[in-house]
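In what follows, a structure is listed as structure tokens, so that the remarks can point back to it.
The values are calculated or read from the model by the stated rules, or taken from the named source; none is laboratory data. Model, not experiment: these values are computed from the prediction. All Cβ positions, even for glycine, are placed from backbone atoms using ideal geometry, and neighbour counts span all protein chains on display. Side chains are part of the model used for accessible areas, which takes the heavy atoms of the whole protein and leaves out ligands, DNA and RNA. Shrake-Rupley method; radii C 1.70, N 1.55, O 1.52, S 1.80 Å.
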Amino acid sequence: MSEEKTVLISQQGAVRILTNSNPGARNAITPTLYAELSAALADAQNDPEVGAVVFTGAGDFFCSGGDLNLLAKRRELPEAERREKLEGLHDLIRGIRDFGKPVIAAVEGGAAGAGLSMALACDMLVSARDAFYTVAYVKVGLTPDGGATAFLAEFVSRQVLTEMCLTGDRMTAERLHALGAVNRLTDRGAALAEAIALAAKVADGPERAIARIKTLCRQAHRATLEQQLDAEAVYMVESQADAEAAEGIGAFLGKRRADFVALRRQKPDAS
């Protein structure tokens, strides 16, 4: 009998849906998730039938963060081994952030600790209106990981970031939406459907241009204007020579719909 999977994989059109399925622990993060989600992302990256990914949690909760039973045992390990195990999470966060296709989080219930980090690592975030978000590490004597402080610092002040991290208090989805971290608010139970609809909207786009756009958007908060102008110039020059631009411009001038999906299936040379 095959081992039960933590990451469930399904597809709607060009949208690949990855579900963290550990509902008995409110989808707590485990080392198994690191490996399975990384493998699922790699498969989606290489599949021409996938134009975007939605990441969600099974049941009525997105992710409760790290499994405290596992974390309690790690204090017995040497420091280097504790660091090695933590890098499993950080490599996963990097993998979500650097994924070449759009990734959209669909959050029901809440996202806590590293669950919040995974949601914010995605390119866009759709949340049920009654969901909450918390950096609760301080309540168990721990400090944030998974890039939580970096992601939060992109849209909240130092004072708000410090309050969230020192109190572990919940922040509502509505407040995060007002601050710009949440793209869409939905009624309870509707986050996944809305995320799939948003993913479908971008899934038929030009794959290589989208990867370049993602990089530009990701670094824009940290780059100077001159650095960003240089990066934009590099990517525009690359894009102008790409078959995607030939198809997109040709379709516009010919008053037809561009077929970027066909180019994705052909996997032509970028030049």
Choice from Cys217, Cys63, Cys165 with maximal GNM fluctuation in the chain (Cα, 10 Å cutoff): Cys217
Leading residue at positive end of dipole, the chain (Cβ point charges), from Phe155, Met171, Leu192: Met171
Accessible surface of the chain, 1.4 Å probe, proportion on carbon and sulfur as whole %: 54 percent
Candidate aspartates and glutamates for bridging to Lys201, where Cα separation is under 16 Å - those fewer than 8 sequence places away on the same chain excluded: Glu49, Asp123, Asp259
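On a 32 Å Cα-Cα criterion, which of the cross-link pairs Lys85/Lys214; Lys5/Lys214; Lys101/Lys255; Lys73/Lys101; Lys139/Lys214 come out too long? Display every interim value, and only then the final one.
Numbers: Lys85/Lys214 28 Å; Lys5/Lys214 30 Å; Lys101/Lys255 27 Å; Lys73/Lys101 36 Å; Lys139/Lys214 35 Å.
Over 32 Å apart, Cα to Cα: Lys73/Lys101; Lys139/Lys214.
Find the eigenvalues of the gyration tensor of the Cα atoms of the stretch 13-102, then list the square roots of 5 times those eigenvalues as equivalent ellipsoid semi-axes, largest first, in whole angstrom. Write down the numbers at each step before the final one.
On the way: eigenvalues 143, 56, 13 Å².
The equivalent ellipsoid of the stretch 13-102 has semi-axes of 27, 17, 8 Å.
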Total formal charge among the other residues, if their Cβ is under 10 angstrom from that of Val50, Lys/Arg +1 and Asp/Glu -1: -1
Antiparallel %, DSSP beta bridges [both residues in the stretch 73-228], to 5: 15 percent
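Within the set of other residues whose C-beta is less than 10 Å from the C-beta of Gly109, count the net charge using Lys and Arg as +1 and Asp and Glu as -1. Mind dumping the intermediate values first?
Working: positive: Arg26, Arg188; negative: Asp60, Glu108, Asp130.
Charge balance in the 10 Å sphere: -1.
Rank-order 116-128, 171-183 by packing density, defined as the average count of other C-beta atoms within 10 Å over each peptide's residues, highest first.
Working: 116-128: 26.2, 171-183: 17.5.
The most tightly packed comes first, giving 116-128, 171-183.
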Accessible solvent surface per residue of the stretch 148-231, calculated while the other protein chains remain in place, 1.4 angstrom probe, Å²: 57 Å²
Compactness of the stretch 144-270, expressed as Rg and Dmax over alpha-carbon positions, Å: 19.2, 58
GluC sites (Glu not before Pro) restricted to the stretch 28-92 and DSSP loop, no more than 16 other C-beta within 10 Å: Glu49, Glu76
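Considering only DSSP beta bridges where both residues belong to the chain, give the percentage that are antiparallel (nearest 5). Intermediate values should be presented prior to the final figure.
Numbers: 8 of 30 bridges.
Percent antiparallel among DSSP bridges in the chain is about 25.
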Net dipole in debye of the chain [+1 Lys, Arg Cβ; -1 Asp, Glu Cβ; about Cα centre; nearest 20]: 380 debye
The stretch 43-100 versus the stretch 142-169: alpha-carbon centroid distance in Å: 19 Å
Net charge over other residues, Cβ less than 15 angstrom from the Cβ of Met164 (K, R count +1; D, E count -1): 0
Taking the C-alpha atoms of the stretch 89-219, convex hull volume expressed per residue in Å³: 96 Å³
